[in-house]
Amino acid sequence: MAKDSRLILDPLTDNNPITIQVLGICSALAITAELEASIVMSISVLFVMGVGNVVISLMRNIIPSKIRIIAQLIVVATLVIIVDLVLKAFAYELSKTLSVFVGLIITNCIIMGRFEAFALGNGPWRSFLDGIGNALGYGIILVIVGFFRELLGSGTLLGIPVLGDPIEKTGLYAYGYENNGFMLLSPMALIVVGIIIWVQRTRNKALIED
Amino acid sequence: MEHVELFFKSIFIDNMVFATFLGMCSYLAVSKKVSTAVGLGAAVIFVLAITVPLNWLLDQYILQPGALSWLGAEYASYDLSFLSFIMFIATIATMVQLVEIVVEKFSPSLYNSLGIFLPLIAVNCAILGGSLFMQSREIATLGLALNYGIGSGIGWFLAILAIAAIREKIRYSSVPPALRGLGITFIITGLMAIGFMSFGGMLTGGDEGAKKEEKAASIEVIEEEINKEEATTKSDLELAQNTNK
C-alpha cells in the first residue's frame, strides 16, 4: 500500500514529469496565460492518462510489440476526441482558447512515455494510479505557471480581479502598481518554468545535473 | 507573393518552437550536440513536408463538412471533422514507418544519420501540430500546404540548431548549479523566443504596401470612371450641339 501511494506522490515532486523527466512540455507552455485554461487542460490530461493507462494495461498482452506505437496512438486519439467533443459541447469559448492544443494531447510525450514505461508492464490498478499521479504532477506545474502568469499579467485569477481595478485605480493600483503585460506573452512561460526548476533544484540538491 | 509570405511567416513569425512551443520535448532532449540536432531537424523537415500536404488532401476530400460530395450528392451533408485527430495521427504514424522502410532500402547512408530519429518523430508534437494548424488556419491550396510544411520544418530546424550550439558553448560557463542543464535551457529558449518576437513586424510593412497599392488601384478606377463620365458628358454636349445645329 505504501508502494501504491508512492505511485501518486512521487510524480508530484521528485519525479515530476515536466521539471525532471522533461516530458509533455509542448502543451504545458502554450496555454498557461490563464489559470482557467491551465486547470481545464490538466483535467483533460488527467482523464486521458487515467483511462488510457488502464486500457493499455488491459491490452498489454494482446498488442504485438512491433505495432504498439500505433495501437497506443489510436487509444489516445480516441480518448482525446471524447475530451474535445465534451469541451466543445460544454465549454465552447474555452475550447476556442485551447484550439489545437487539445488535439496535441495525443502527442503529449507524458502519455506515450507512461504507456511505454509503465502501463505495458503493470496491472490495471497500478497503471491507473501511475497515470493519475503523473497527470497530477503535470497539472500542478501548469496551475503554478498559470497562476503567476495570470496574476502578474492581468491582475486577475480565474477572470476575477484580485488586485483591484487598473482603470479606476483601486486596490494595489492606487499605489502605482501596473500589470506586467509581458507575462502574457509566450516566452515568459518558458522563463517561469525555468525559475520553477531553479527553485526545485535548489531545495533538492540531488536533482542537480552536472 | 503569397507563397513567399507564408514561407517566411512559418519560419520566423509562427516559428514552431518559439511561438507555439511545438516539439519541445525532443527539442530539449536531443539538443545536447549539434550533430544529433542537425539529424533530427532534417528528419522533421522531411516528415513535415510529406505529412502536411497528405493531411491537407485528407482534410479537403474526406474530413471537412461536405468534403465527401465528390462521392455523390447524397454524401454532401456528411461531416467527419471529428475524426480528424485519429486520421491525422494514423497518417503520420504510417508515413513515418513507410519513410523509414523506404529510406533504409534506398539510402543506407541517410538511414544511418536519420534512422534513429524517425521513430521518435511519430510522437513529436511538431508534426501533428503542423497538420492541426494547417487545418485551423484553413490553408487554401496543396502548394501552400507543402510550402507551410517545409517552412515550419525549417523553422524548427533553425531553432534546435541554435539551442544545440548555445548548449555546447554554455558548458564552459559557470551557471548556478541548480540551473545547470534543463533550467538554463528553458531560460535561454525564453530569451530566444523574445528575440524571435521581433520578427513579428516583418510582414506588417508588406501589408501596408499592399493596401497602398489597393488604394492606388481604386483611385485609378475612380479616375477612369470620372474620365468616362466626362467623355460621355462631352459626347452628350456634342450630340446636343449637333442636334441644335
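B:GLY183 meets all of the listed conditions (1) under 26 Å from the mean Cα position of the chain (by Cα); (2) open to solvent by less than 10 Å² (accessible area, probe 1.4 Å) but one, namely (1). Scanning the range B:6-34 for residues being among the aromatic types (Phe, Trp, Tyr) and assigned to a helix (DSSP H, G or I) gives a total of 4. Scan the range B:146-154 and give yes if some residue there is within 15 Å of B:LEU6 (Cα to Cα), in contact (Cβ under 8 Å) with a residue 24 or more places away in the chain, more than 14 Å from chain A (Cβ to nearest Cβ) and surrounded by fewer than 16 Cβ atoms within 10 Å (Cβ to Cβ), otherwise no. Within the range B:146-154 (the criterion being within 15 Å of B:LEU6 (Cα to Cα), in contact (Cβ under 8 Å) with a residue 24 or more places away in the chain, more than 14 Å from chain A (Cβ to nearest Cβ) and surrounded by fewer than 16 Cβ atoms within 10 Å (Cβ to Cβ)), the answer is no, since none of the residues qualifies. The residues of the range B:27-38 that are open to solvent by 10 Å² or more (accessible area, probe 1.4 Å) and either more than 8 Å from chain A (Cβ to nearest Cβ) or within 16 Å of the chain's Cα centre (by Cα) (or both), listed by number, are B:VAL30, B:LYS32, B:LYS33, B:VAL34, B:SER35, B:THR36, B:VAL38. Contact map, the range A:131-142: first residue part of a helix (DSSP H, G or I), second residue open to solvent by 10 Å² or more (accessible area, probe 1.4 Å) and among the charged types (D, E, K, R), Cβ cut-off under 8 Å, separation 6 or more or different chains; pairs are A:GLY131/A:ARG114; A:GLY133/A:ASP10; A:ASN134/A:ARG114. Does B:PHE133 fit the bill of being within 14 Å of another protein chain (Cβ to nearest Cβ), aromatic (Phe, Trp, Tyr) and open to solvent by less than 10 Å² (accessible area, probe 1.4 Å)? Criteria not met by B:PHE133. Of all residues in the range B:174-223, none satisfies the criterion of being facing chain A (nearest Cβ under 10 Å) and modelled with pLDDT under 60. Do we find that A:ILE191 is open to solvent by 50 Å² or more (accessible area, probe 1.4 Å) and closer than 26 Å to A:ILE25 by Cβ in this structure? No. Name the single residue that is least open to solvent (accessible area, probe 1.4 Å) among those in the range A:60-81 being more than 7 Å from chain B (Cβ to nearest Cβ) and of a type in the set (Val, Ile, Thr). It comes out as A:VAL76.
Scanning the range A:67-102 for residues that are farther than 22 Å from A:PRO124 by Cα and more than 19 Å from the chain's Cα centre (by Cα) yields a total of 6. Looking across the range B:69-104, the residues that are open to solvent by 20 Å² or more (accessible area, probe 1.4 Å), more than 14 Å from chain A (Cβ to nearest Cβ), assigned to a helix (DSSP H, G or I) and of a type in the set (A, V, I, L, M) come down to B:LEU71, B:ALA73, B:VAL102. Scanning the range A:82-129 for residues that are of a type in the set (Asp, Glu), in contact with a helix residue (DSSP H, G or I) (Cβ under 9 Å, 6 or more places away or on another chain) and surrounded by fewer than 17 Cβ atoms within 10 Å (Cβ to Cβ) yields a total of 1.
Among the residues of the range A:16-55, those identified as open to solvent by 20 Å² or more (accessible area, probe 1.4 Å), of a type outside the set (D, E, K, R) and more than 14 Å from every other protein chain (Cβ to nearest Cβ) are A:ILE39, A:VAL40, A:ILE43, A:LEU46, A:PHE47, A:VAL51, A:VAL54, A:VAL55. Taking the stated definitions as given, is A:ILE141 within 19 Å of the chain's Cα centre (by Cα), modelled with pLDDT under 85, surrounded by 18 or more Cβ atoms within 10 Å (Cβ to Cβ) and aliphatic (A, V, I, L, M)? In short, no. Looking across the range B:157-179 at every residue that is more than 16 Å from B:LEU191 (Cα to Cα) and in contact (Cβ under 8 Å) with a residue 40 or more places away in the chain, the one that is least open to solvent (accessible area, probe 1.4 Å) is identified as B:PHE157. Scanning the range A:149-188 for residues that are within 14 Å of chain B (Cβ to nearest Cβ), open to solvent by less than 60 Å² (accessible area, probe 1.4 Å) and part of a helix (DSSP H, G or I) gives A:ARG149, A:GLY181, A:MET183, A:PRO187, A:MET188.
Yes/no per residue for (1) out of contact with any Gly (no Cβ under 7 Å at 6 or more places or on another chain); (2) under 22 Å from A:GLY113 (Cβ atoms); (3) among the β-branched types (Val, Ile, Thr):
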| site | (1), (2), (3) |
| --- | --- |
| B:PHE133 | yes, no, no |
| B:SER136 | yes, no, no |
| B:LEU142 | yes, no, no |
| B:ILE150 | yes, no, yes |
| B:TRP156 | no, yes, no |
| B:ILE163 | yes, yes, yes |
| B:ILE166 | yes, no, yes |
| B:TYR172 | yes, no, no |
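Here B:VAL44 meets each of (1) in a helix (DSSP H, G or I); (2) over 30 Å from B:LYS169 (Cβ atoms) with one exception, condition (2).
The values are calculated or read from the model by the stated rules, or taken from the named source; none is laboratory data. These figures come from a predicted structure and were not determined experimentally. Every residue, glycine among them, receives a Cβ derived from its backbone with ideal geometry; neighbour counts consider all protein chains shown. Calculation scope for accessible area: heavy atoms of the full protein, side chains included, ligands and nucleic acids excluded. Shrake-Rupley method; radii C 1.70, N 1.55, O 1.52, S 1.80 Å.
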